[in-house]
1. Given axes a ≥ b ≥ c from the Cα gyration tensor, I'd like to know whether the chain is rounded (a/c under 1.5), prolate (a/b larger than b/c) or oblate.
2. Tell me the net charge near Ala358. Cut-off is 10 Å between Cβ atoms, Ala358 excluded, with +1 for each Lys or Arg and -1 for each Asp or Glu.
3. Roughly how many nanometres apart are two label points built 7 Å out from the Cα toward the Cβ at Asn258 and Glu690?
4. Provide the per-residue ³J(HN,Hα) series for region 203-212, in order, calculated from phi with Karplus coefficients 6.51, -1.76, 1.60 and θ = phi - 60°, each as a whole number of Hz, with x at glycine and proline positions.
5. Once the Cβ-Cβ distance between Gln723 and Lys218 is put in as r, and R0 is 56 Å, what FRET efficiency do you end up with, to the nearest 0.05?
6. Gap in Å between the Cα centre of region 388-426 and the Cα centre of region 626-687?
7. Name the shape class, rounded, prolate or oblate, that the alpha-carbon gyration tensor gives for region 366-521, where a ≥ b ≥ c are the square roots of its eigenvalues, rounded holds for a/c under 1.5, and otherwise prolate holds if a/b is larger than b/c and oblate otherwise.
8. Between the DSSP loop rule and a limit of at most 11 other Cβ atoms within 10 Å, which trypsin sites (Lys or Arg not before Pro) in region 142-193 are left?
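We did not get these values from a lab; they are worked out from the coordinates using the rules stated. Since the model is a prediction, treat every value here as computed from it, not as a measurement. Cβ placement follows ideal geometry from the backbone for every residue including glycine, while neighbour counts extend to all protein chains displayed.
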Amino acid sequence: MENESIKKLKEARTLLKEWNYELRPIEKGYCNRTLYINISNNVIESKDVTPEMKEKFIGGKGFGLYLLWKAVKNTTKWHDPENEIVIGTGPICGITQYPGAGKSLLVSISPLTDIVIDSNVGGYFGPFLKFAGWDALEIQGKAKNDIIIFIDGTSGSIKIEEAPLEAIDSHVLAEQLTEMYADDEYDKRNISVVSSGKAAEFVRMGMLNFSFYDPRRKVVRVKQAGRGGIGRVFRDKKIKAIVIKNKATKGNLNNPVNKALINKAGLRLHREIQQYDDKQNRMRQVGTANIIEIMDEYDLLPTHNFKFGGHPDAKKIYSNVFRDNYLTQGLPDGCWYGCSMACSKAADKFELKTGPYAGQKVTVDGPEYENAAGLGANLGCFDPQFILEANFYCDTYGIDIISFATSTAFAMECYENGILNSEITGGIELKFGNSAAVLEILHQMARGEGFGVVIGQGILRMKKLFIEKYGADPNFVNDIGMEQKGLEYSEYQSKESLAQQGGYGFTNKGPQHDEAWLIFMDQVNNQIPSFEDKAEALHYFPMFRTWFGLVGLCKLPWNDITPPSNKNYPPTEAAKVPEHVENYCWIYEGVTGEKLTPEKLILQSERVYNFQRIFNIRLGKGLREHDAVPYRAVGPVTEEEYKSREERYDKQMKELIGIDPTGKSIAEKVAIVRKYRLEQYEKLMDAVYERRGWNKNGVPTIEHLQKIGMDLPELIEIIKPLQ
């Protein structure tokens, strides 16, 4: 019998549009069509995927960028109706034989950066979208009232309905809609929901949750498309949820050309995970939180707004604390079928202490490393229970944890330096370590009130406000405000790794570590000492990592487990994990029938990467000036920071700069280090631009576009005046 509350939700619905389509099999990993929905006028259309799209853009993020490029104007802003949210899959997305093959990629114009943002996400929605017959979902326009889009991949129908009564917060809404659309308990695993939360209506750092049903826990769980504020776009368009239903998943739904080749790669990696994970990164025990203690040990754990790289209390949030006290062990925690890496950890029956759900016991997704490092060390809150509570509320309210943590840390340092006070913050004592204040900021964001909404606009806009309204020193707030291109830094300390400074600074979307994580190669192992070495790494790894988002794969199985054969390679080659690169070539060929070499893999990514760079230029950014970074990402801003590593900095001054620090004041030494490090960053920029085929201003050259087969007329038109 249908639940009475679900029945009331259904009765309140108004059907705005129903559209039926022909179900047809996937061909070699492609549906060969994309789904377009305009929610301003409720138009639903199918668009053909052209051979050029598959050749130049591959899938996933590539298709998303291509469709968004066609949809927007040079002047389009994030809140304009023509801005889109595009969810792309990729030819490999949905296979069940290889770990991490359930990823989809989202693109939109970001409320934080005003340029294109891309964000990857797990969960079941991406594969289900493909199995329903679509390589991408393109949503444009704005609804008048809250709507839900339902894609039924079992019958080939799509509905747009006004939905006035459903919840907004993700953990409630996803449960409601899974219950509503599933035929029975077993069928719940065939439902996936995309949603955001209350705070995404008020803050620019809103994110999206993609659900999957966990039959062992009997709960709906969520994975996050966190970066850049796509959840804010989602709620601005008055989308309450997108729901998809799909028939039972099978291992051959992609209709691959050579399933044996896929199985060969999958069996090799499954065996490695089984044999070596417990000895390497312990992903099945603690997920990505395994590196909290490693970052602390190597002075890389961002602490107190990235001032420091570790803290004596950091041991209170080491991964073993979460493993032994909170995270459920022994369950197959993959966020897509067949993922034996099982890093999607969860804290079950966690009792909330604050907010509208106080007293309820919930399942908390995580914490991931970024969540623990950001909410914990960067805010100075070394309390695992607080981290889990804040983690939960960020998720259900629809708030990107990375942007939230980094923005709040910036506000805390401003408070402690007298730029802010309790009158400005509405009585909140915004000091490092005040976890109660952090939770109040979170709840204010969801209510759309107070200083929480100010923090929710992000660091770029806070800096402007603090300078203009509160008399902040522009130099100081620009130095300590850890954002670039408008996006907040993800949670790694980059002061001592020039390569990682570039890995953050030379990104297309802003400082997110998914393009390049070179800290250990550079800082710890000194494997890339010269500018040329660093430039080569900052070419290869961003291009290689881009590829995962084109085909629908998670990056974690690439190097979070390594085979014994890796020790036989030179260090710089070992960092690529050649055996796993071979796996990817096998999988791609197995699905599509097209033979792939490691060199062609990089070329596929290079085409899309340069396209995104030019897309940014089209929207008014994407030049050298936009690749500058806040100085705290490069070196010590304050005397306090210098003193915390004085012996190291003095030694570097003598050996690297050739200046004897003896007798110099701390202020003098800070200035000397600053001049040297900024010069090094500029030299690295020159080297990387040259390696990537860009001119001194960061613009891809026409010759380079011709070389990589991306000299499309619309791209040449944008860059020709800048050559």
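1. rounded
2. My count for the surroundings of Ala358 gives -1.
3. 4.0 nm
4. Whole-Hz 3J(HN,Hα) from phi for region 203-212: 10, 6, 9, x, 10, 10, 9, 10, 8, 8.
5. Computed FRET efficiency for Gln723 and Lys218 comes out at 0.40.
6. First find each Cα centre; the distance between them is then 29 Å.
7. Verdict is oblate for region 366-521.
8. The qualifying sites are Lys144.
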